1. For the peptides 743-751, 784-792, 635-643, what is the packing order when you average, over each peptide's residues, the other Cβ atoms within 10 Å and list the highest mean first?
2. If you find the alpha carbon centre of the stretch 619-639 and of the stretch 483-501, how far apart are they in angstrom?
3. Helix 154-190 sits at what angle to the longest principal axis of the chain, using alpha carbons and giving 0 to 90 degrees rounded to 10?
4. Taking the Cα centroid of the stretch 519-537 and of the stretch 203-249, what is the distance between the two, rounded to the nearest whole Å?
5. State in Å² the accessible area per residue of the stretch 39-148; use a 1.4 Å probe, count heavy atoms of protein chains only, and round to the nearest integer.
6. FRET efficiency for Ala444 and Ala716, Cβ-Cβ distance as r, R0 = 41 Å, nearest 0.05?
7. Rounded to the nearest 10 degrees, what's the angle between the helix 688-697 long axis and the longest principal axis of the chain, both from Cα atoms, 0 to 90?
8. Hey, of (i) 12, 28, 25, 17, 10, 7, 1; (ii) 13, 34, 32, 14, 5, 1, 0; (iii) 11, 24, 21, 16, 17, 10, 1, which did the structure itself give for P(r) over Cα pairs in 20 Å bins from 0, in percent when calculated?
Amino acid sequence: MSADTERQTSNMDQVTIPILGMSCASCVNRIERFVSKVDGVERVAVNLATERATVHFQPDSVDVSTLVQAVEGAGYDVPFEEVTFNVAGMSCASCVNRIERYLKETEGVVDASVNLATERATVKIVPGVVEAQALAAKIADAGYDVIPAREGAEADAGDREGAARRREVNSLRIRFVFALAAGALLLWGAFPNVLPWTPELVQSRLFMFALATPVQFWAGWRFYRGFWATAKHLTADMNTLIAVGTSAAYLYSLLATFAPQVFENSGFKADVFFDTAAVIIGLILLGRFLEARAKGQTSEAIRKLMGLQPRTARVVRDGRELDVAVEEVVVGDVIVVRPGEKIPVDGTLTEGHSGVDESMITGESMPVEKGPSDAVVGATINGTGSFRFVADKVGRDTVLAQIVKLVEDAQGSKAPIQRLADVIASYFVPAVIVVALLTFAVWALFGPGLTLAFISFVAVLIIACPCALGLATPTAIMVGTGKGAEKGVLIKAGEALETAHKVDTVILDKTGTLTEGRPRVTDIVSLNGVPDNEILRLAAAAERVSEHPLGEAIVEAALATGLDIPDVRDFDSVTGKGIVASVEGHQVLAGNARLLAGSGVEADSAQVIDRLSGAGKTPVYVAFDGEAAGIIGVADTIKAESPKAVERLQRLGLEVVMITGDNTLTAQAIAREAGIRHVLAEVLPDQKASEVRRLQSEGKRVAMVGDGINDAPALAQSDLGIAIGTGTDIAMEAADITLMSGNLSGIVLAIELSKKTMRVVKQNLFWAFAYNVALIPAAAGLSYLVVGQPLDPILAAAAMALSSITVIANSLRLRRFVPG
């Protein structure tokens, strides 16, 4: 879909917005009415055939994002595209804020999120309104280097990103080594009495000037570049603080070297601080170097996932087996897998048997037996057997590629707590500059001399850099989501990771979540003398076109018994009750008691129902031509790990609730077996979301766990939606967290991981704030008042670098996380 944006007049813009979901003229009128109400909109025209809205608006009064919100407010969708950029040169939270601000000011941008830890910007745009090149230009205009991430080449993108990071680390290494070596020599010259013999040359101010100059303008060039990028737009960031602080020390020393009379005539001593400027730059570059290396470790999970992809595949073409690059495999190719090899792409097994290690997907170590018609997943490892399979999904569509994309998105997302830190950081740097200037003025006017004023000014600027503040949350989120992926728990976004630890109620869907989801027939009870096989035969015929698990169990039982299942006519599914069908001229009803009652059929079966339900079996009533014929008992066995997972959730202080459409007696029997005390039974599929809302209205934070299409609304309604990965794509799309193995212990892992991650985030933020609260006053002069010595700017630089490294190191502790 394309969009056309052009200037109509000097003060009016036109934009064409693509729209999904329109069906008639009333849709057109509704959208036009909603959009025209927006202040600043001059006129709007919606075209049903092209599915576009052309809006003329005043750009000073309204932006494209607001127009998009108006369309969505009318109940329609605007298709978005996401563009991702790798951004180099960011150093702190204020860099993040500036880039986001520049991007959001661009017409056509709906949202922008920048992650300092991953050094990545993700921009949501209206297709056709703005191009990637324009967004890249905006980032460059803000003063940063940008490389668009190529779609469809995840491994290549990872390699390029890794190479760029290695170049950055090497550049930092060279510069910090040079700066610290020069700084050490300058310190020797500045304090000649420390060592017994100091050459006159080293003590020479001209020599100091010659040595300090390349440190200032070569090693420290990145700070000047960042300073200029912000100064052009009358803003400030960490680079501003470093550039101003070290430049002040350098220029002060330059003046003291070549025009000392300026100070001497005023009664001040002409000191030089070349050593201070050089060592500060060296220490900060050392901190950046260690920080860059540590940030590389936080994305280790992505590199591990990318490394799982095999490079080649053995494909059968023209009757021959050929080894081709995995990128050349197409859907429909027949692929041969030998013992011990990795499966190259996703597909369906056609010949052979083997056990497959799927631990990279599910986190489960036991091999899974595979035979004809079973699905196999790319990057999993074949065991001792050999087989052939047909490729179903390749490239970006494979499970592995989707996992990599999901983890990348999660690591690049922002938790709500990070947005607060970003806002604080945007005000922090200007405030620090004001404090530094006030410090200089106070000590210059009322202090013992200009030297103290100058040292305090530089120390405040250097010690207050908000690096740690910007790294506190994203580094922890990166490690936490990566650790979850290693364990088969896919977390969609940082917000989900933050929400999980607040949950106090977990709702578990019964079928396919607590249970295996593959029920089987256990009992057939005749009510009016109808033979058991006849009950099963006609019920199976009615259920044959049904997709309900209970119906499938009845059909499987009939086939296993060798019964001939007749064709069905006039099939009708009654949601939440059962089915009505015509079989061999008979009207057949198969479902629950509500279905029979609604059809006027009476069944004297209380004792049978109590017996079946008490044993955890679901009774399926069968009626022929308006008369109850019998009851089929169907049981869905509980997963072996479910009781233990429920117990662990309860030990975490969570209220566990089971929700099901089964009758109360059956539901309570299953719940007792699982160790669940709270049961919501006889809940229709469309009522699950309502039950979630009811619990939320009681003040509870609800996590919903499900696997079916009918669970999707409840998953979306809940505070935290958790989908079983063995379920449907729709359920996983609606959920915030996906358990790839289907094992409920993944819920415990996700919540424990959330608690641990948020604990680390809060520790990081506390130390980042505490560091500045404690040390800025010390740098401003408190140190001089208490101990009689000002805080040396060199020590301030060391402390600033250490704060960032401490935050990252604390986040990396999550790599050792082991669920309880």
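1. 743-751, 635-643, 784-792
2. Cα centroid to Cα centroid, the span is 41 Å.
3. On a 0 to 90 degree scale, this one is about 20.
4. Using only Cα atoms, the two centres lie 87 Å from each other.
5. Roughly 38 Å² per residue, with all protein chains present.
6. Efficiency, rounded to the nearest 0.05: 0.10.
7. 50 degrees
8. (ii)
The values are calculated or read from the model by the stated rules, or taken from the named source; none is laboratory data. Model, not experiment: these values are computed from the prediction. Here Cβ is always computed from backbone atoms with ideal geometry, including for glycine, and neighbour counts include all displayed protein chains. Heavy atoms of the whole protein, side chains included, go into the accessibility calculation; ligands, DNA and RNA do not. Shrake-Rupley method; radii C 1.70, N 1.55, O 1.52, S 1.80 Å.
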